[in-house]
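> Take this structure first; my questions come after.
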Amino acid sequence: MVKKQIHPIIRLFLLLISIFVIFSGCSTDDNNANSTKALIQTNNPPPSTINGNEKDQKLVMDVKKKVMSKKEVYDVSVIKGEQDILVAYKVRHLKRFRMKKIEADLQKELEKEFPDEKFTISSDYKIFLESIRLQDKINNKQIPKEDLEKRLSEIIKLSNEKT
Amino acid sequence: MGKSKKKKSKTPEQQQYAQFEQKHEIKRPVVRNCVVAFLVGGTICVIGQAISYFYIYFFNFTEQTAGNPTVATLIFLSMLLTGFGVYDRIGQFAGAGSAVPVTGFGNAVISASIEHRTEGFVLGVGGNMFKLAGSVILFGVFSAFVVALIKTLIMKWVGV
Amino acid sequence: MLAMFFWAFVVGGAICVIGQLLFDVAKLSPGHTLSALVVTGAILDGLGLYEPLMDFAGAGATVPITSFGNSLVHGALQEAERHGIIGVITGMFEVTSSGISAAIIFGFIGALLFKPKG
Amino acid sequence: MLIGKQSWIFQSKPAIIATGVSGGPFEREGLLPEAFDILHDDLWMEEPSYEQAHRLLIEEAVEVALKKANLTNDDIQFIIAGDLINQITPTSFAARTLGIPYFGIFGACSTSMEGLALSAFIVNNKGANYIVTGAASHNAAAERQFRYPTEYGGQKPPTAQWTVTGAGFAIVSHSTPNQTEFPKITCATIGKVVDLGISDPFNMGGAMAPAAVDTIKTHLKDTGRKITDYDLIVTGDLGKIGYSVALDLLHGDGLNIPEEKFKDCGLLLYRDDQPVQAGASGAASSATVIYGHLLKQMKAGVYKKILCVATGALLSPLTVQQKETIPCIAHAVSIEMDS
C-alpha cells in the first residue's frame, strides 16, 4: 500500500487558485473618499446633470422633489445625462418588503409626470453607491463629458442586470 | 407509509417498553438548541451580508447579483473549516444554525468528498460527493419544477 | 445598511430555528430537514413571497438553504417567460448554478487538499 | 456442558492467560489510559485509510497478547474475533497477517463475549490448547459506515454514543486446578435476540437494555446462581440511558442489585467532559474495558467473581433507512479468580 500524499507546494498552489477565483472579477478602479459612507449615512445629494444647463437643472430638481414626496423613500440621487435620467433611492427598511412594487409605481408616476424623459430608477444600494461616485466625478469638473456619459450608461446597464 | 404500518404493528409489550424507555431518555435541550441555532445561524447570515456588501462595494455587483459570489465565498470558507476539522465541531454545537445556511450544504458535499478519497477520485469522491446533499438537489429541483410549471400554466390560462 | 445587518441576523436566525425545531421536535434527519426547507423555499417563491423577504433581509434570506429552492423556481420562471413550458426544465439551473458549482469545485479541491480529521 | 436452557458450564475452567489492548487518541484522554498496552496519537495511525488503521489495532493487540504469554502465532490454534465494519474485513485482514486459523464472528458490540464463550467452550472440550479471541472497533471507520462522513457537521442528540477506537484481545487456554494467578472462565450464557421496538439509531443503549436484562435473568435461572454471588455485573455499552433502563428493569423484576455492583463499560471509559454524549459504544467498548481494566482489577483482588454482559445492536444503515426496529443481543460470561 503506497501512501499517496499531495506535495505541500501543490496544496498551496491549489489554495491560491481557489482564493484567486474567489476574489477575481471585474473590480472598479476608483474609490473616492466621499463615497465611502454613502451606504451608511443619509447623503441627500443635490441632483446633478452632466451638461449642467439650467433647464435640465430645474428638471432634475423637480424629479427629486417628486421622488422624495413618496413617504417610503428617504434618500434620493438624480443624475441627468444626454438622454437618460438615473434615479437611485433608498427605501425605508421596513418598507423593503414592498420594494419592487414601489419601484413599479414610481416608474409609472415619473413617466406620467415627465412624459418626455426616459427614466431608469433603482432602489439597489449598488446603483445608489455608483451614482454618488459619479456625482463626485461630475462635481470634480475635470473629467470629459463623454466619459461621464459612458459611465452613466454603464450604471444603467448594471441596474438592468438580473441575477 | 411504511412507517405508519410499522407503528401499528408494534406489540403491546413494545409499546409498553417504549413508554418506559421514554422516561429514562435524556431529553434534547430544545430551547438551548434553538437559541444557539438562532445566534449561530444569524451570525453566518451577517457574515454573508458583509461579504455581499464587500462585493457590492469593491466589485461590479448589485444587490441582486451579489448573491452568487457570496454563496460561492461562503462555500469556500466552509471548505476550509471542513478540511481543518472545525465544521463538525461547530455542527455539534450549533445544530441547524450551521446546517441550514449554504455553508451546511457545502459542508455536506465537501465532507463526503474528503471522506471518500480513500476509494479513489472517480468512484470514491465522484460517486459519493452528493450522497448527503443529493436529496436537497433532488427535492429542490423537483419542487421547483412543479411550482414553476403550475405558475406558468396559471399565467398562461388565467392570464394574471 | 446597519438595519440590513440586523434583519439579516434576525431572519437568518429564525430560519435556522425552524430547522432546529424540525431536528428536535419532529425528529427529522438533517437530510429530511434540509429537503423540507428547500421545498418550502420553492413554494414560497411560487407564491411570490420569497423575493420580498430577500429585499427585506438580504443575506438573511439568501444564505439559508431555502433560497436554493427560490432561485431554482426563479430560473425556471425566467426561462419559461422566454421559451414557454420547455423553459421550466431548461432554465432550472440558470440562477442556482453558483451554489452547486461552487460546492462541486470546492468539494473536489477539498478532496485534493484535505484528509478527514476524524 | 449445557446447563439450563442456553448456558454452558466449563468444568475445566479455561484461563485467560494474557491480554492485549490497543487504543486511539480519544481513549488516551479518557479515564482508563492505563488499561491500554498501546495508545495511538492519531486516528490514522500512519495508515492510508481508517479501515487499515482498524486492522492495525487488531494486529497490535494480538501481538501484545502473544508477547505477554510468551507464545508465537504457531502456538495458537484459532483466532475467534470480529468487528463492526462491513463483512468484518479489518479482522479478516488482520487474520491474514497473523496466519492463525480463523473464525470470523459478528455480534455487533457483543462480539467480545460471544468470542470468549466460544473459545472457552472449545478449550474446555479440548478442541484447542490456545485460542485468541477479541473484538475491535474504530471510531471514524464506524462513523462513516453507520452515520455520516466524519467531517459532516451533524448534531448528535444526547442519547447518542461514541464508538471506541481500540481492540481488546485475550488468550484462552487450559488451566490447572491450583493455578491462582489467572482469571478463569466458569460459565457462559448465550443470549437470544430481543427487539422491543426502538428504532432510533441514536439511542442504542435504550434499545439494548432489555437484551442485557433478559440474558442476566436467564443466566441466573440456568445456573441457579444469585445476583449476590457476583462482586460485579458489568454490561458492555449501554451508556447512560441503557444503564438506567437496565437497572430499573432489574429492580422491577425483583433483582435488587446495588448500583455499585452493576456497572457499564461504556460509562467507565471516558471522562464526563469528553464529547461522548451518553457514553462509549462499539465492539471495543466491552473488549478493552474487560480485558484491559477489569481483569487487572481482578488480579489485584478488587473483584473475585464478575459477570460480563456484552450487548450488541444488530442494525445496519440499510435497516435503519428502511425504518426497521433494532434487534439486540447480549451474551454473558462469568469470569472468576480461584483463591
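The values are calculated or read from the model by the stated rules, or taken from the named source; none is laboratory data. All of these numbers come straight from a predicted model, not from anything done at the bench. FYI the Cβ positions are ideal-geometry reconstructions off the backbone, even for glycines, and counts take in every protein chain you see. Keep in mind that these areas ignore ligands, DNA and RNA; they rest on the heavy atoms of the full protein, side chains included. Shrake-Rupley method; radii C 1.70, N 1.55, O 1.52, S 1.80 Å.
> Go through (1) assigned to a helix (DSSP H, G or I); (2) open to solvent by 30 Å² or more (accessible area, probe 1.4 Å) for C:Ile109 and report which single condition fails.
Status for C:Ile109: all satisfied but (2).
> Here's another thing I want to ask about it. Go over the candidates D:Leu66, D:Leu118 one by one and state the one that is at pLDDT 95 or above and open to solvent by 20 Å² or more (accessible area, probe 1.4 Å).
From the options D:Leu66, D:Leu118, the qualifying one is D:Leu118.
> Could you tell me whether segment C:41-51 includes any residue that is closer than 15 Å to B:Phe142 by Cβ, at pLDDT below 90 and open to solvent by 20 Å² or more (accessible area, probe 1.4 Å)?
Scanning segment C:41-51 turns up no residue that is closer than 15 Å to B:Phe142 by Cβ, at pLDDT below 90 and open to solvent by 20 Å² or more (accessible area, probe 1.4 Å).
> Could we say that D:Ala117 is farther than 30 Å from B:Lys131 by Cβ, in contact (Cβ under 8 Å) with a residue 12 or more places away in the chain and part of a helix (DSSP H, G or I) here? Before the answer, list the steps.
Working: farther than 30 Å from B:Lys131 by Cβ: yes; in contact (Cβ under 8 Å) with a residue 12 or more places away in the chain: yes; part of a helix (DSSP H, G or I): yes.
Taking the combined requirement at face value, the residue satisfies it.
Residue by residue, here is whether (1) aliphatic (A, V, I, L, M); (2) on the phi < 0 side of the Ramachandran plot; (3) at pLDDT 95 or above; (4) not in a strand (DSSP E or B) holds:
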position	(1), (2), (3), (4)
D:Phe103	no, yes, yes, no
D:Lys156	no, yes, no, yes
D:Ala160	yes, yes, no, yes
D:Phe169	no, yes, yes, no
D:Pro177	no, yes, no, yes
D:Ile185	yes, yes, yes, no
D:Gly191	no, yes, yes, yes
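> Restricted to segment D:200-233, and to residues that are away from chain B (no Cβ under 14 Å) and of a type in the set (D, E, K, R), which residue is surrounded by the most Cβ atoms within 10 Å (Cβ to Cβ)?
Among those that are away from chain B (no Cβ under 14 Å) and of a type in the set (D, E, K, R), it is D:Asp222.
> Of everything in segment C:4-42, what is out of contact with any Phe, Trp or Tyr (no Cβ under 8 Å at 6 or more places or on another chain), within 24 Å of A:Ser123 (Cβ to Cβ) and more than 7 Å from every other protein chain (Cβ to nearest Cβ)? Give them in sequence order.
C:Phe6
> A follow-up question, please. Restricting the search to segment A:53-78, which residues are open to solvent by less than 60 Å² (accessible area, probe 1.4 Å) and either of a type in the set (Lys, Arg) or closer than 17 Å to A:Asp124 by Cα (or both)? Reasoning before the result, please.
Step one: of segment A:53-78, the residues open to solvent by less than 60 Å² (accessible area, probe 1.4 Å) are A:56, A:59-60, A:62-64, A:66-67, A:70, A:72-78.
Scanning segment A:53-78 gives A:Lys64, A:Lys66, A:Val67, A:Lys70, A:Glu72, A:Val73, A:Tyr74, A:Asp75, A:Val76, A:Ser77, A:Val78.
> For D:Ile105, work out the one condition from (1) among the aliphatic types (A, V, I, L, M); (2) surrounded by fewer than 20 Cβ atoms within 10 Å (Cβ to Cβ); (3) within 14 Å of chain B (Cβ to nearest Cβ) it doesn't fulfil.
The single condition D:Ile105 does not satisfy is (3).
> Return the total of residues in segment B:74-115 being facing chain D (nearest Cβ under 7 Å), under 13 Å from the mean Cα position of the chain (by Cα) and not in a helix (DSSP H, G or I).
Final tally of qualifying residues: 1.
> Right, here's the next one. Do the conditions hold for A:Leu152, that is, is it more than 29 Å from C:Gly48 (Cβ to Cβ), open to solvent by less than 10 Å² (accessible area, probe 1.4 Å) and more than 11 Å from chain B (Cβ to nearest Cβ)? Give the derivation first.
Details: more than 29 Å from C:Gly48 (Cβ to Cβ): yes; open to solvent by less than 10 Å² (accessible area, probe 1.4 Å): yes; more than 11 Å from chain B (Cβ to nearest Cβ): yes.
Yes; evaluated as a whole, the condition is true for this residue.
> Among the residues of segment D:24-48, write down those that are touching a helix residue (DSSP H, G or I) at 6+ places or on another chain (Cβ under 6 Å) and open to solvent by less than 10 Å² (accessible area, probe 1.4 Å).
Within segment D:24-48, D:Ala35 is the sole residue that qualifies.
> Looking only at segment C:92-103, which residues are modelled with pLDDT of 80 or more and either more than 20 Å from C:Leu37 (Cα to Cα) or not in a helix (DSSP H, G or I) (or both)?
C:Ser101, C:Ala102
> Also, I was wondering about something else. B:Phe139: at negative phi, under 14 Å from the mean Cα position of the chain (by Cα) and not in a helix (DSSP H, G or I), yes or no?
Considered against the rule, which asks whether it is at negative phi, under 14 Å from the mean Cα position of the chain (by Cα) and not in a helix (DSSP H, G or I), B:Phe139 comes out as no.
> Check segment B:55-64 and report whether any residue there is modelled with pLDDT under 95 and under 25 Å from C:Ile43 (Cβ atoms).
Yes, some residue in segment B:55-64 is modelled with pLDDT under 95 and under 25 Å from C:Ile43 (Cβ atoms).
> Quick one: would you say C:Glu81 is surrounded by fewer than 20 Cβ atoms within 10 Å (Cβ to Cβ), touching an Asp or Glu at 6+ places or on another chain (Cβ under 8 Å) and in a helix (DSSP H, G or I)?
Details: surrounded by fewer than 20 Cβ atoms within 10 Å (Cβ to Cβ): yes; touching an Asp or Glu at 6+ places or on another chain (Cβ under 8 Å): no; in a helix (DSSP H, G or I): yes.
No.
> If you don't mind, another one. Out of (1) open to solvent by less than 10 Å² (accessible area, probe 1.4 Å); (2) touching a helix residue (DSSP H, G or I) at 6+ places or on another chain (Cβ under 8 Å); (3) outside the structural domain of D:Ala280 (by TED's automatic domain parsing), what's the single condition that is false for D:Gly154?
Status for D:Gly154: all satisfied but (1).
> Could I ask something else about it? Filtering segment C:27-65 down to residues that are of a type in the set (S, T, N, Q) and in a helix (DSSP H, G or I), which residue is nearest to the chain's Cα centre (by Cα)?
Across segment C:27-65, the extreme among qualifying residues is C:Thr62.
> Let me ask something else about it. Restricting to segment B:44-73, what's the tally of residues that are in a helix (DSSP H, G or I), of a type in the set (S, T, N, Q), more than 7 Å from chain C (Cβ to nearest Cβ) and open to solvent by 20 Å² or more (accessible area, probe 1.4 Å)?
The total comes to 0.
> Test D:Ala278 against the stated conditions and say whether it is surrounded by 15 or more Cβ atoms within 10 Å (Cβ to Cβ), of a type in the set (Gly, Ala, Ser) and in contact with a Pro (Cβ under 7 Å, 6 or more places away or on another chain).
yes
Here is a yes/no grid of residues against (1) within 14 Å of chain B (Cβ to nearest Cβ); (2) open to solvent by 40 Å² or more (accessible area, probe 1.4 Å); (3) within 13 Å of the chain's Cα centre (by Cα):
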{"residue": "D:Glu260", "(1), (2), (3)": "no, yes, no"}
{"residue": "D:Asp272", "(1), (2), (3)": "yes, yes, no"}
{"residue": "D:Ser285", "(1), (2), (3)": "no, no, yes"}
{"residue": "D:Lys304", "(1), (2), (3)": "no, yes, no"}
{"residue": "D:Cys308", "(1), (2), (3)": "no, no, yes"}
{"residue": "D:Thr311", "(1), (2), (3)": "no, no, yes"}
{"residue": "D:Gln322", "(1), (2), (3)": "yes, yes, no"}
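> If the Cβ limit is 6 Å and pairs must be 6+ apart or interchain, which residue in segment B:119-131 that is over 19 Å from D:Glu51 (Cα atoms) and more than 8 Å from every other protein chain (Cβ to nearest Cβ) pairs with which residue that is open to solvent by less than 40 Å² (accessible area, probe 1.4 Å) and not charged (D, E, K, R)?
Listed by first residue and then by second, the contacts come to B:Lys131/B:Ala112.
> Only residues that are away from chain B (no Cβ under 12 Å), under 19 Å from D:Leu315 (Cβ atoms) and open to solvent by less than 30 Å² (accessible area, probe 1.4 Å): list them for segment D:133-150, please.
The first filter runs over segment D:133-150 and keeps only residues away from chain B (no Cβ under 12 Å), leaving D:133-139, D:142, D:146.
Of the ones still in play, those that are also under 19 Å from D:Leu315 (Cβ atoms) are D:135-139, D:142, D:146.
Answer for segment D:133-150, where residues must be away from chain B (no Cβ under 12 Å), under 19 Å from D:Leu315 (Cβ atoms) and open to solvent by less than 30 Å² (accessible area, probe 1.4 Å): D:Ala135, D:Ala136, D:Ser137, D:His138, D:Asn139, D:Ala142.
> Looking at segment D:1-44, which of its residues are assigned to a helix (DSSP H, G or I) and out of contact with any strand residue (DSSP E or B) (no Cβ under 9 Å at 6 or more places or on another chain)?
Result: D:Glu34, single match.
> Six or more apart or on different chains, Cβ under 6 Å: which pairs go from a residue in segment D:255-279 that's in contact (Cβ under 8 Å) with a residue 24 or more places away in the chain and over 25 Å from D:Thr218 (Cβ atoms) to one that's among the aliphatic types (A, V, I, L, M) and part of a strand (DSSP E or B)? Could you list them?
Filtered contacts from segment D:255-279: D:Leu269/D:Ala280; D:Tyr270/D:Ala280.
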